[in-house]
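K.L.:
I'd like to ask you about the structure that follows.
Taken together, the values in this text are just the output of simple stated rules run on the coordinates, not laboratory data. Here the structure is a predicted model, which is why all the values come from computation and not from measurement. Every residue, glycine as well, gets a Cβ built from its backbone with ideal geometry; the counts of neighbours run over all protein chains shown.
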Amino acid sequence: MRRFSLLFFSILLISGAVAVSAQVVPSATGRQVTITAGGMASIFQPDFVGGDTGWNCGDTCLNLNPVYTPVAGASNYPLFGAGAYVDVRLRRWVQFEAEARWLRFNQNQGIYQDNYLIGPRLPVYRFWKATVYGKALGGYSKMNFGYFNYLPTGTGKFTDIAFGGGMDIKLTRKISFRAVDVEYHYWPMWGNSTLSPYGASVGMSYKIF
């Protein structure tokens, strides 16, 4: 969390410096650099059932000391949560998004996930007051595995790669509504397997400058 906060702060500082230097450019060219910050509400499929059915010991069950590993699987308990995001626009085709999400509600047996991601954002199409965009993000996620045989199984931190897109609608000069934002996540190293959470978000944002 500290590293991600530092990354957020560094983005703001660098973008601010670029914006200050850009002010010497004639006003006819218009301002190119903008920073927008927002909040969002999300619903995600964690891809992990948990409990006694969410673990497998395979051949190790034949041993006296079996080793259990988590097994991916669609859950009947989608996770709900809140998050924050920052969009940095350096040029029309040079944009970045950083996001943090905490999926802590509607937990099944204590299972939850948190995401901390950053990456390029591409405005694909504009119409009316809306901008359709795509994005590819990378970072890490934290997960609490809940309980197995009534015992807590701990937490872990995992590499997370996410692909997604959505649509922002400008309501005023400063305020935008994130009508939809969908993401597919891929955790390449999750126990002895992989994990693929996915979900959608809505939000509101404010253009700082």
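K.L.:
Return the pairs, sorted by first residue and then second, in which the second residue is among the charged types (D, E, K, R) and surrounded by 16 or more Cβ atoms within 10 Å (Cβ to Cβ), the first residue lies in the range 47-71 and is without any contact (Cβ under 8 Å) to a residue 12 or more places away in the chain, the beta carbons are less than 6 Å apart, and the residues are 6+ apart or on different chains.
P.N.:
Every condition considered, no pair remains.
K.L.:
Please determine, by comparing only the residues of the range 31-51 that are within 30 Å of residue 91 (Cα to Cα) and over 22 Å from the mean Cα position of the chain (by Cα), which one is surrounded by the most Cβ atoms within 10 Å (Cβ to Cβ).
P.N.:
Going through the range 31-51, the residues within 30 Å of residue 91 (Cα to Cα) turn out to be 31-42.
Now narrow it down to the ones that are over 22 Å from the mean Cα position of the chain (by Cα): 31-33.
Numbers: 31: 12, 32: 14, 33: 19.
Filtering the range 31-51 for residues that are within 30 Å of residue 91 (Cα to Cα) and over 22 Å from the mean Cα position of the chain (by Cα), the one surrounded by the most Cβ atoms within 10 Å (Cβ to Cβ) comes out as 33.
K.L.:
If you go through the range 52-60 one residue at a time, do you hit one that is buried (at least 17 other Cβ atoms within 10 Å of the Cβ) and not charged (D, E, K, R)? Explain how you work it out, then say what you get.
P.N.:
Quick first cut of the range 52-60, residues buried (at least 17 other Cβ atoms within 10 Å of the Cβ) only: 54-55.
Now restrict to residues that are not charged (D, E, K, R): 54-55.
Yes, the range 52-60 has at least one match.
K.L.:
Select the strands (runs of 3 or more DSSP E) contained entirely in the range 128-198, then report the ones holding at least 1 residues which are touching a Lys or Arg at 6+ places or on another chain (Cβ under 9 Å) and surrounded by fewer than 20 Cβ atoms within 10 Å (Cβ to Cβ). Show your work before the answer.
P.N.:
Values: elements: 130-145, 155-170, 175-190, 193-195.
The strands (runs of 3 or more DSSP E) meeting that bar are 130-145, 155-170, 175-190.
K.L.:
List pairs: first in the range 182-209 and more than 18 Å from residue 44 (Cβ to Cβ) and touching a residue at least 60 places away in the same chain (Cβ under 8 Å), second not in a strand (DSSP E or B) and not β-branched (Val, Ile, Thr), Cβ under 7 Å, 6+ apart or cross-chain?
P.N.:
Between residues of the range 182-209 that are more than 18 Å from residue 44 (Cβ to Cβ) and touching a residue at least 60 places away in the same chain (Cβ under 8 Å) and residues that are not in a strand (DSSP E or B) and not β-branched (Val, Ile, Thr), the close pairs are 206/174; 207/174; 209/19.
K.L.:
Cβ-Cβ under 6 Å, sequence separation 6+ or interchain: first residue in the range 88-114 and over 19 Å from residue 158 (Cβ atoms) and touching a residue at least 60 places away in the same chain (Cβ under 8 Å), partner among the β-branched types (Val, Ile, Thr) and part of a strand (DSSP E or B). Which pairs?
P.N.:
88/35; 96/88
K.L.:
For the range 151-209, how many residues meet the condition of being within 11 Å of the chain's Cα centre (by Cα) and among the aliphatic types (A, V, I, L, M)?
P.N.:
4
K.L.:
Has the range 102-117 got at least one residue that is over 21 Å from residue 33 (Cβ atoms), among the basic types (Lys, Arg) and within 13 Å of the chain's Cα centre (by Cα)?
P.N.:
First pass over the range 102-117, keeping only residues over 21 Å from residue 33 (Cβ atoms): 102-117.
Checking the rest, the ones that are also among the basic types (Lys, Arg) come to 104.
From what is left, the residues that are within 13 Å of the chain's Cα centre (by Cα) are none.
The answer is no; no qualifying residue exists.
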